[in-house]
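Worksheet: the structure to be examined is printed underneath.
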Amino acid sequence: MGSGQAGLLAAHGFAGLGDAFWVPYHHKDVGPSWNCIVEAIPGGPLDRFQDVKTGEEAVAITKRLVEELIPWDDEWFRSAELSDRHGWQIGRIVPTVRKPVGRLPSGRIVTPLGDTALSLDPIGGQGANSGSKMARNLVECVALHGDRPFDAGWMTRTFDRFYARHGGPTDRFNNLLLEASAGIFYLLFAQYGSDGRADNTSKQQALANALVNNFADPAQLTPVLEDVGRVRAFIGQKTGRPWPLALAAGGVGVGIAQVRQRLGLSPGHPRAPAYAGGALA
């Protein structure tokens, strides 16, 4: 989608229905643009793209969706145009972990790499990360193996090594995002007030940094996010106060912003100064 605006990623979550993301990127021909993603639970109100045949149709449907369900972005989105007639797609993804040994018609064995081994929903942006880490693990295991046969046992051990360190936490973190887990919601409310500034040393920013850093290495925080009790303890540790107070403070901030929005005012969410002129307030 083409746009003259600039801003931060915007993520809209609808419990039990799906998600919508607006991500700024630089198109090779058009320049500053937006990558717009709608992830729908089948059969829900976001699931309306099945019969789309062109990018223009996809943009038109997304405009109606924004008008109905994300009205605070409607004024910004209604002028959207397709940046690239080939730059769109629809489809369904079932997250899958496959066996690390395949057999060709010739009888020779092969080992998968990237999406052929671990298929991930794009919600966590982990596909390329996972593929790169898998390739590095494969190269390391080849170097360590020396001149011994690269048989099915080696392929299995190689993948298990990757999955234990990277693949498993990545898969689980991605699924937590898909499920809109309680742990992630607790953390998102408690970090309200962060603005992403490098010089921000607040407790809220420390929580936000921990969550964002988990996208780079899901093994860091995923075990905590899987357990609400551990998330509460983590919030208390990072903020230095009982987790209910940290959660309540964030909830009050979100509530005030929603009231302002209902009154037709800017929500006034905290934002880094460098993005003060962005499209999404």
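Every number here is computed from the coordinates shown, using simple stated rules; none is lab data. Keep in mind the model is a prediction, meaning the values are calculated, not measured. Neighbour counts are summed over all protein chains in view; Cβ atoms, including those assigned to glycine, are modelled from backbone coordinates with ideal geometry.
Computed from label points 7 Å out along Cα-Cβ, the spacing between residue 212 and residue 143 is 3.1 nm. From helices alone, the chain scores -13500 deg cm²/dmol at 222 nm; the rule is -39500 (n - 2.57) for each run of n ≥ 4 DSSP H residues, then divide by the residue total. Using a 10 angstrom cutoff on alpha carbons, build the Gaussian network for the chain and name the most mobile of 25, 163, 186. Among 25, 163, 186, the largest GNM mean-square fluctuation belongs to 25.
Sorted from longest to shortest, the spans of the Cα atoms of the range 1-116 along the three principal axes equal 59, 36, 28 Å. Rounded to whole numbers, the Karplus 3J(HN,Hα) couplings from phi for the range 235-244 are 4, x, 5, 6, 9, x, 8, x, 4, x Hz, using 6.51 cos²θ - 1.76 cosθ + 1.60 with θ = phi - 60°, and x at Gly and Pro. For the range 48-153, chymotrypsin sites (Phe, Trp or Tyr not before Pro) are listed when DSSP marks them as loop and at most 14 other Cβ atoms sit within 10 Å of their Cβ; the list is 150.
Across the range 18-29, rounded Karplus estimates of 3J(HN,Hα) from the backbone phi angles (6.51 cos²θ - 1.76 cosθ + 1.60, θ = phi - 60°) give x, 9, 9, 10, 10, 10, x, 8, 10, 6, 4, 9 Hz, Gly and Pro being marked x. So for the range 1-130, averaging the separation of alpha carbon pairs under 8 Å that are six or more residues apart and normalising by length, what relative contact order in percent results? It rounds to 18 percent for the range 1-130.
Taking θ as phi - 60° and the Karplus parameters 6.51, -1.76 and 1.60, the scalar couplings of the range 182-190 work out to 4, x, 5, 5, 4, 5, 5, 5, 5 Hz in sequence order, x denoting glycine and proline. All C-alpha to C-alpha distances of the range 143-281, sorted into 5 Å bins beginning at zero, yield P(r) values of 2, 9, 15, 16, 16, 13, 10, 6, 4, 4, 3, 2, 1, 0, 0 percent in whole numbers.
Between amide H atoms placed 1.01 Å from N, distances below 5 Å from residue 18 occur with 41, all of them 5 or more places distant or on a separate chain.
Across the range 157-231, how large is the tail of the calculated P(r) beyond 19 Å, expressed as a percent of all Cα pairs? Beyond 19 Å sits 38 percent of the P(r) for the range 157-231.
I need the trypsin sites (Lys or Arg not before Pro) found in the range 171-235, filtered to DSSP loop residues with at most 16 other beta carbons within 10 Å of theirs.
Details: sites: 172, 197, 203, 230, 232; in loops: 197.
Those satisfying the criteria are 197.
Name the residue from 12, 245, 128 whose Cα lies farthest towards the positive end of the charge dipole of the chain, charges +1 on Cβ of Lys and Arg and -1 on Cβ of Asp and Glu. Farthest towards the positive end: 245.
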